[in-house]
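The values are calculated or read from the model by the stated rules, or taken from the named source; none is laboratory data. Nothing here was measured: the structure is a model prediction, and the numbers come from that model. Cβ placement follows ideal geometry from the backbone for every residue including glycine, while neighbour counts extend to all protein chains displayed.
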Amino acid sequence: MPGRNGPYLKPGWFVKNLVNPLLMKLGLVPVLVVRGRKTGKMRSVPVNVLEYQGQKYLVAPRGNTDWVLNLRSAGEGMIRFKGKTEHFRAVEVPDQDKPPIIQAYLQKWGAQVKKQFEVLPEPAHHPIFRMESSTTEMG
């Protein structure tokens, strides 16, 4: 898809319209909240937050998704989970530093995301953001 700066695996209708909204509504997964790059409205999407070597990361198994593009544009976001909100600054990880993070991500969530990594096998296909603590409020 043009303008994405890389590959993107679009989720199926079932995941997009039933699974993801249900997971967010039930509070079963962390939710990334980030300002939309086009509308400026706050957007929410379920994510897996990886804790690896004392840092927190967001890995994009589907490639250059809308949440990736929005996070790149905004430079910051929030994670909401279990009644808590964590503000963070997003620092994109360079391609050469991705392999051990991806390996840790696959060890933890491989059952959920293995197929995406088979279709998009290169580390460069998967944007990764290190979450750095931020005390600023997003408005």
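Looking only at the stretch 87-131, how many residues end up being in contact (Cβ under 8 Å) with a residue 40 or more places away in the chain and not in a helix (DSSP H, G or I)?
Final tally of qualifying residues: 12.
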- Query: Just a yes or no: is a residue in the stretch 59-71 in contact with a helix residue (DSSP H, G or I) (Cβ under 8 Å, 6 or more places away or on another chain), among the basic types (Lys, Arg) and touching a residue at least 24 places away in the same chain (Cβ under 8 Å)?
  - Reply: yes
- Filtering the stretch 126-137 down to residues that are in contact with a Phe, Trp or Tyr (Cβ under 9 Å, 6 or more places away or on another chain) and more than 16 Å from Asp66 (Cβ to Cβ), which residue is modelled with the lowest pLDDT? Ser134
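Table: residues versus (1) under 19 Å from Gln112 (Cβ atoms); (2) modelled with pLDDT under 95; (3) in contact with a Ser or Thr (Cβ under 7 Å, 6 or more places away or on another chain).
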position: Lys10; (1), (2), (3): yes, yes, no
position: Val19; (1), (2), (3): yes, yes, no
position: Leu23; (1), (2), (3): yes, yes, no
position: Val33; (1), (2), (3): no, no, yes
position: Pro46; (1), (2), (3): yes, no, no
- Query: For the stretch 4-27, what are the residues that are out of contact with any Phe, Trp or Tyr (no Cβ under 8 Å at 6 or more places or on another chain) and touching a residue at least 12 places away in the same chain (Cβ under 8 Å)?
  - Reply: Arg4, Asn5, Gly6, Pro7, Tyr8, Leu9, Lys10, Pro11, Asn20, Leu23, Met24
- Message: I want to confirm something. Restricting to the stretch 21-67 and keeping residues that are in a strand (DSSP E or B) and among the basic types (Lys, Arg), which single residue is nearest to Glu86 (Cα to Cα)?
- Response: Lys56
- For Ile102, all conditions in the list (1) at pLDDT below 95; (2) closer than 18 Å to Tyr8 by Cα hold save one; what is the number of the exception? (1)
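Residues are listed down the side, and each one gets a yes or a no for (1) farther than 19 Å from Ser133 by Cα; (2) surrounded by fewer than 17 Cβ atoms within 10 Å (Cβ to Cβ):
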site	(1), (2)
Lys10	yes, yes
Pro21	yes, yes
Lys38	yes, yes
Glu51	no, yes
Ala74	no, no
Phe88	no, no
Ile102	yes, no
Ala111	yes, yes
- Task: Scan (1) of a type outside the set (Gly, Ala, Ser); (2) closer than 20 Å to Pro11 by Cβ; (3) not in a helix (DSSP H, G or I) for the single condition Arg72 breaks and write down its number.
- Result: (3)
